[in-house]
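Participant: Before anything else, here's the structure in question.
The values are calculated or read from the model by the stated rules, or taken from the named source; none is laboratory data. The model shown is predicted, which means the values in this text are computed figures rather than measured ones. Quick reminder, even Gly has a Cβ in these numbers, built from the backbone with ideal geometry, and neighbours come from all protein chains shown.
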Amino acid sequence: MEIVKKFADLVIGNVEKVIIGKYEAIEKTLLALLCQGHILIEDVPGTGKTMLARAVACSIGCTFRRIQFTPDMLPSDVTGVSVFNQKNHEFEFRPGPVFAQIVLTDEINRATPKTQSALLEAMEERQVTVDGHTHLMEKPFLVLATQNPIEYEGTFPLPEAQLDRFLLRINIGYPAKEHEIAILGAQQFVHPITTLGQIVSNEELLTAQEAVKQVRANDLIKEYVVNLCTATRTHPDVYLGVSPRGSLALYRTSQALAAMRQRDYIIPDDVKYLAEATLAHRLIISPAARIKNVAPKEIVREILSSIPVPKAYR
């Protein structure tokens, strides 16, 4: 697991030149990258959501594109469109902004459900189908979607199918006082993102992704993951619990976290650390619980405290 640890340290150290004091958010972004998953970042404006995506793209030399979602967007504005070429009398496909290795979909919940659904195939199958022709995405492919939790007017809730396709949901949050002071000094003359260079190659990323798959898990750990997810399906405050895709997300991210910490096996602490980020956004709260302002993360914490932790796991 030395390969994964070295890769993670290099990328995190490079990104921290731009995103100061937010190690956990950077670490979870890297976990999703190693697991070939997507991230939903829910936070207030100005906390560095866009900069986080750009810094990660710069660090690994990936192509980066930003899509500003608005209510008048069409699916073709995301995926691309076929245009008739009058010279050769054939239709030519002009790819949309989703054809990049790291795609930032800013304020994703401002687009209509029809436009949001344009991302479903790309996020799950890593391909886009336009006019009956399938176009494959370039590897690696990572979607970082942002939504603002305090602006509800003019937004459309993300459908369950799309929420389920996000491997993690993270929050960046406001920086601590000393970190904000450091940010002021770092940006006095020029923004650090302008001088940020590539620190690893795509080949090194693909090698690290394959190494993560070698992390093993005891049957007790697998049972623990499934027990946590099953508990969400029977919880009285939950209308719709975590799907099998959710249990796979918790298992895969635990593999990546173990590898980043130089272990070739998962321990219960890995699972507990990532349970909220991987499961909470997949829960649909019942109407009665919603009236009582019960939050999904509170339910996940309650389940974590009630499910017995396996003792022997190596």
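Participant: What pairs come up if the first residue lies in the range 250-272 and is not assigned by TED's automatic domain parsing to the domain that holds residue 32, the second is surrounded by 20 or more Cβ atoms within 10 Å (Cβ to Cβ) and part of a strand (DSSP E or B), and their beta carbons are under 8 Å apart, counting only those six or more places apart or on different chains?
Facilitator: What qualifies is 253/168.
Participant: Residue by residue through the range 48-102, note down the ones that are in contact (Cβ under 8 Å) with a residue 12 or more places away in the chain, more than 26 Å from residue 191 (Cα to Cα) and among the polar types (S, T, N, Q).
Facilitator: Within the range 48-102, 70, 76, 79, 82 qualify.
Participant: Any residue at all in the range 114-129 that is in contact (Cβ under 8 Å) with a residue 24 or more places away in the chain, within 25 Å of residue 25 (Cα to Cα) and touching a Gly at 6+ places or on another chain (Cβ under 8 Å)? So that I can check it myself, show each step before the final result.
Facilitator: At the first step, the residues of the range 114-129 found to be in contact (Cβ under 8 Å) with a residue 24 or more places away in the chain are 114-120, 122-124, 128.
From what's left, within 25 Å of residue 25 (Cα to Cα): 116, 119-120, 122-124.
Checking the rest, the ones that are also touching a Gly at 6+ places or on another chain (Cβ under 8 Å) come to none.
No, because not a single residue in the range 114-129 is in contact (Cβ under 8 Å) with a residue 24 or more places away in the chain, within 25 Å of residue 25 (Cα to Cα) and touching a Gly at 6+ places or on another chain (Cβ under 8 Å).
Participant: Filter the range 273-287 for residues that are of a type outside the set (S, T, N, Q) and either closer than 15 Å to residue 42 by Cα or in a helix (DSSP H, G or I) (or both) and give the result. Let's see the steps before the verdict.
Facilitator: Within the range 273-287, the subset of a type outside the set (S, T, N, Q) is 273-277, 279-285, 287.
Answer for the range 273-287, where residues must be of a type outside the set (S, T, N, Q) and either closer than 15 Å to residue 42 by Cα or in a helix (DSSP H, G or I) (or both): 273, 274, 275, 276, 277, 279, 280, 281, 282, 287.
Participant: State whether the residues of the range 88-107 include one that is surrounded by 16 or more Cβ atoms within 10 Å (Cβ to Cβ), in contact with a His (Cβ under 6 Å, 6 or more places away or on another chain) and not in a loop (DSSP other than H, G, I, E, B).
Facilitator: Checking the range 88-107: not a single residue is surrounded by 16 or more Cβ atoms within 10 Å (Cβ to Cβ), in contact with a His (Cβ under 6 Å, 6 or more places away or on another chain) and not in a loop (DSSP other than H, G, I, E, B).
Participant: Mind listing just one residue for me: the one in the range 108-123 that is of a type in the set (Val, Ile, Thr) and crowded, with 19+ Cβ neighbours inside 10 Å and, of those, nearest to residue 56 (Cα to Cα)?
Facilitator: First, the residues of the range 108-123 that are of a type in the set (Val, Ile, Thr): 108, 112, 115.
Then keep just the ones that are crowded, with 19+ Cβ neighbours inside 10 Å; that gives 108, 115.
Numbers: 108: 20, 115: 26 Å.
Top of the filtered list is 108.
Participant: Right, here's the next one. Any residue that is assigned to a loop (DSSP other than H, G, I, E, B), at pLDDT 90 or above and of a type in the set (Val, Ile, Thr) - is there at least one of those in the range 218-237?
Facilitator: Checked the range 218-237: no residue is assigned to a loop (DSSP other than H, G, I, E, B), at pLDDT 90 or above and of a type in the set (Val, Ile, Thr).
Participant: Among the listed residues 254, 305, which satisfies the condition of being polar (S, T, N, Q) and either surrounded by fewer than 16 Cβ atoms within 10 Å (Cβ to Cβ) or in a loop (DSSP other than H, G, I, E, B) (or both)? Full working, then the answer.
Facilitator: Details: 254 fails: either surrounded by fewer than 16 Cβ atoms within 10 Å (Cβ to Cβ) or in a loop (DSSP other than H, G, I, E, B) (or both).
One residue alone meets the criteria, 305.
Participant: Determine, yes or no, whether residue 41 is more than 12 Å from residue 102 (Cα to Cα) and at pLDDT below 90. Break it down into steps so the answer makes sense when it comes.
Facilitator: Working: more than 12 Å from residue 102 (Cα to Cα): yes; at pLDDT below 90: yes.
Spelling it out, residue 41 is indeed more than 12 Å from residue 102 (Cα to Cα) and at pLDDT below 90.
Participant: A follow-up question, please. In the range 126-148, what residues are exposed (fewer than 13 other Cβ atoms within 10 Å of the Cβ) and in a strand (DSSP E or B)?
Facilitator: Taking the range 126-148 first, the residues exposed (fewer than 13 other Cβ atoms within 10 Å of the Cβ) are 127, 129, 131-134, 136, 138.
Of everything in the range 126-148, those that are exposed (fewer than 13 other Cβ atoms within 10 Å of the Cβ) and in a strand (DSSP E or B) turn out to be 127, 129, 133, 134, 136.
Participant: Still on this structure, please answer the following. Looking only at the range 60-80, filter to residues that are surrounded by fewer than 16 Cβ atoms within 10 Å (Cβ to Cβ) and hydroxyl-bearing (Ser, Thr, Tyr); which one of those is farthest from residue 96 (Cα to Cα)?
Facilitator: Here the answer is 70.
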